[in-house]
Amino acid sequence: MGRNQGYTRNSGLEVIEMAEKKKLGIFKLTSCAGCQMRLLYYQHRELEALTAYDITYFKMGKRDNLENIKVDVALIEGCVTNSEQIDELKRIRENSTILATLGGCATRSSLWGLKNNKPEKEIEEKAYKDLSTIHSIKAIPVNDVVKVDYLLPGCPVGEDEMTEFLQSALVGRRPFIKPHSVCVECKMKGNLCILVAKKEPCMGPVTAAGCGALCPTNGRPCYNCRGPMIAANAPALAKEFKKNGLSDEEIYLKFTAFSGLSKVYEEVTDRA
Amino acid sequence: MPEKKINIEYIARVEGESTLDVHISKNEITDLKLKVWEPPRFFEGFLVGRKYDEISDMVMRICGICPVSHSTTAIRALENAMQITPSAQTKKLRRLLSYSQVMSSDILHIYMLAAPDFLGYESVLAMVPKHLDLVKKAIKMKMVANELTEIVGGRAANPVTPKINGFYQVPSKERLNSVKKHLEAMQQDTVDTLKVVASLPIPEFERKTEYVCIRNPEEYTINEGRLVSTEGLDILEEEYRNHIIENQISYSNAKQCRIKGRGDFMVGALARVNNNYDLLSDKAKEAAEENHLKFPVYNPFANTAAQALEVIHLTTRCTEIIDEIDPKPEDTTVNVKAGEGHALTEAPRGLLYHGYKLNEKGIVEKAEITTPTTHNVLSMEQDLYKMIPEIMDLPEGKLALQCEELIRAYDPCFSCSVHTIKANVKKD
């Protein structure tokens with residue numbers, strides 16, 4: 001391919017030519033494939049960033065996939081729920097320079113972590129009558145199995161944060177991953193605080209930013225789909241919820257829905 | 001006599017993980033298994049004990065392609081359980097949301113997943129140098145469909161506005177009108193897409209199975225209707241469980257479905273068009289005639305053409321709905337009640353069923369979900385049983401590729417059904 005070949009920038013279809021492209025592998029463990037799916041939207045700058053890589057592995061997007069080769073960047077979607085995936089993940093780690101999680105499942109096991117809160121058999125029996133052929137272990141996030149260089153939250157990972165990561169990995173700088181809560185983004189949008197003004201159970205104060213305060217902007221409380229921000233003060237928010245009339249059970253449900261195996265909320269969610 | 005073994009380790013460019021194993025000995029299939037090894041996630045297990053207002057947000061995570069379908073189906077089933085009838089405005093907005101997702105998913109399948117097969121490429125990115133205009137057109141159409149999902153749903157992937165008995169926030173007429181312009185501008189592209197799809201050679205293969213979808217005599221429906229089939233099935237959505245039987249099979253994490261007293265059936269765009277062709281817009285029918293497409297069609301490879309056809313219809317229909325509504329905030333209060341409710345909708349890949357039982361606090365006591373690909377798995381196997389003997393003389397590699405293409409034509413979604421396909425064909 002020649003340089004740019006006349007592709008226009010506004011269509012997002014600019015093929016970036018480099019002497020040797022960095023290799024990118026996109027791998028899937030247990031997930032809904034929504035983050036990979038979002039990559040298939042191929043929009044704007046994100047497509048530009050993707051075409052700057054040589055994508056060697058992306059089963060959902062291409063037929064020729066190279067197994068067991070060295071890649072510069074590995075993106076892992078999904079968490080571990082069977083023993084084969086542990087081996088697979090270790091092989092990917094050995095073969096990659098930078099390894100990052102792609103979304104909430106890989107980062108903290110998200111929704112799939114709900115299975116860990118109850119006896120395995122009780123949960124499994126409700127989905128399958130015969131468990132003899134079903135092999136499943138508790139839902140474990142990627143960084144509990146191998147060393148992870150960057151954790152990208154999101155359900156799914158949004159375009160801006162994806163592009164930021166792909167570009168930074170390309171040039172070898174550290175990506176900016178927002179360390180603050182959804183509240184900061186909500187304030188920047190000038191939204192009325194629905195937790196304070198309307199007493200609605202908004203999880204914004206303890207949720208990792210990056211969505212642009214999507215839910216409060218759309219008239220509803222944040223439901224924590226991006227999971228906990230680091231150093232969140234869960235007990236303080238639980239107290240506020242209680243004051244606003246939520247039962248202990250309702251508070252438990254709020255803090256467990258998407259937080260998976262994260263320990264950030266354990267003061268609220270630990271029932272032992 | 002030669003023996004062949006088709007082994008497709010993973011079927012690429014589909015959503016999720018699966019393997020096809022075929023063993024051929026003395027020109028006869030001795031073994032054929034479509035194994036879905038997408039790891040199970042136990043939704044029906046962990047939803048138990050959760051509250052009614054969390055379910056829509058949770059079930060969206062069953063599938064990255066059709067979150068809207070899972071959300072809408074769950075919401076409708078829960079409304080049925082609590083005897084809630086949503087407003088006419090809510091029903092129309094839900095249609096817009098659902099149609100936008102079917103359009104987006106159909107376009108994705110036609111161009112990003114299936115077109116590389118027909119044009120001989122390994123991926124859509126590999127098509128960029130030679131088919132730039134086509135790829136640009138595809139991305140543009142997909143963006144318009146996503147834009148509509150985002151305007152109504154708040155986010156194209158995993159929307160945030162849908163709730164039981166309405167929406168957290170309704171879109172402004174102004175924003176709807178802006179996307180309407182884009183929809184109108186894309187209409188010619190949808191007609192051209194059908195032209196491209198209809199001109200691509202598909203394998204000559206036919207197997208008449210039963211085609212199942214929902215039908216509403218007033219509209220080419222996605223959200224509400226009676227369950228019908230080309231073999232005379234015509235039942236209410238709450239009767240679903242009495243007619244469709246789900247079985248667990250030992251070699252796969254996806255269950256298999258059959259119609260009681262009959263057998264396998266096909267769901268998806270082809271089933272919708274085979275049953276509801278009369279309800280398509282004049283423009284869509286004209287385009288079908290121009291391209292010499294006459295439905296019903298019994299070739300599963302025609303599923304892609306059926307998708308292109310419904311995109312023409314849905315694009316027009318969305319602009320009409322936008323004209324019909326001027327959304328205003330409504331009371332969406334939910335009176336929690338114990339009860340049991342079921343709902344059927346058309347996800348992009350076909351029939352989707354959700355059923356819930358709630359206690360008086362609105363806590364889920366039982367959850368049942370049957371996805372389109374679960375409905376289709378048996379039909380895929382039956383097609384392969386018929387197709388492979390017809391193409392037995394092909395070399396193993398080509399034989400395996402056509403098997404893989406057949407499965408991809410169904411546009412399967414294996415993370416839904418539990419999730420990529422690989423075909424392993426071995427001739428001994």
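Can you give the calculated 222 nm mean residue ellipticity of chain B, where each DSSP H run of n ≥ 4 adds -39,500 (n - 2.57) and the sum is split over every residue, rounded to the nearest 500 deg cm²/dmol?
-13000 deg cm²/dmol
Just checking the listed ones, A:Lys28, A:Lys118, A:Lys90: in the Gaussian network model of chain A with Cα springs under 10 Å, the one fluctuating most is A:Lys118. When each of B:Tyr251, B:Tyr353 is scored by the number of other beta-carbon atoms lying within 10 Å, the sequence from fewest to most is B:Tyr251, B:Tyr353.
Taking chain A as a Gaussian network of alpha-carbon nodes connected by springs under 10 Å, the highest mean-square fluctuation of the residues A:Lys243, A:Lys115, A:Lys147 belongs to A:Lys243.
Counting every other Cβ atom within 10 Å of each residue's Cβ, B:Ser252, A:Ser132 order from fewest to most as A:Ser132, B:Ser252.
Magnitude of the charge dipole for chain A, about its Cα centre and with charges confined to Cβ atoms of Lys, Arg (+1) and Asp, Glu (-1), is about 480 debye. Backbone geometry of the range A:53-69 corresponds, through the Karplus equation with coefficients 6.51, -1.76 and 1.60 at θ = phi - 60°, to 3J(HN,Hα) couplings of 9, 9, 7, 8, 8, 6, 4, 6, x, 8, 8, 8, 10, 9, 8, 6, 10 Hz, x marking Gly and Pro.
Apply the a/c threshold of 1.5 to the C-alpha gyration tensor of chain A and tell me whether it is rounded, prolate or oblate. Judged from the Cα gyration tensor, chain A comes out oblate (a/c at least 1.5, b/c at or above a/b). Beta bridges per DSSP, both residues in the protein assembly as shown: antiparallel share near 60 percent. Remark: the protein assembly as shown carries a charge dipole of roughly 1560 debye about the Cα centre, counting +1 on each Lys and Arg Cβ and -1 on each Asp and Glu Cβ. Give the residue from A:Thr51, B:Thr304, A:Ala74 lying farthest towards the positive end of the charge dipole for the protein assembly as shown; charges sit on Cβ (+1 for Lys and Arg, -1 for Asp and Glu) and the dipole is referred to the Cα centre. The one lying farthest along the dipole's positive direction is A:Ala74.
Could you give the distance between the Cα centres of the range B:187-246 and the range A:164-193, to the whole Å? Comparing the Cα centres of the range B:187-246 and the range A:164-193, I get a distance of 43 Å.
For the pair A:Lys118 and B:Thr30, label points projected 7 Å from Cα toward Cβ lie 4.4 nm apart. With springs only between Cα atoms under 10 Å apart, run a GNM on chain A and tell me which of A:Tyr223, A:Tyr41, A:Tyr128 wobbles the most. Of the options given, A:Tyr128 has the highest mean-square fluctuation.
Checking the a/c ratio against 1.5 first, then a/b against b/c, what shape does the Cα gyration tensor give for the range B:147-291? It is oblate, given that a/c is not under 1.5 and a/b is not larger than b/c. Residue exposure proxy: A:Ile230, B:Ile312, B:Ile321, A:Ile123, ordered by other Cβ atoms within 10 angstrom of their Cβ from fewest to most, comes out as A:Ile230, B:Ile321, A:Ile123, B:Ile312. Rounded to the nearest 20 debye, the dipole size of chain B about its Cα centre is 640 debye, using +1 on the Cβ of Lys and Arg and -1 on the Cβ of Asp and Glu. Rounded to the nearest 500, the 222 nm mean residue ellipticity of chain A from helices alone is -8500 deg cm²/dmol, with -39,500 (n - 2.57) taken per DSSP H run of at least 4 residues. Rounded is the label for the protein assembly as shown, because a/c, from the alpha-carbon gyration tensor with a ≥ b ≥ c as root eigenvalues, stays below 1.5.
Bear in mind these aren't lab numbers, they're just calculated from the coordinates by the rules spelled out. Predicted model, so just to flag it, every value in this text is computed and none were measured. Heads up, the Cβs are rebuilt from the backbone with ideal geometry, glycines too, and the neighbour counts pull from every protein chain shown.
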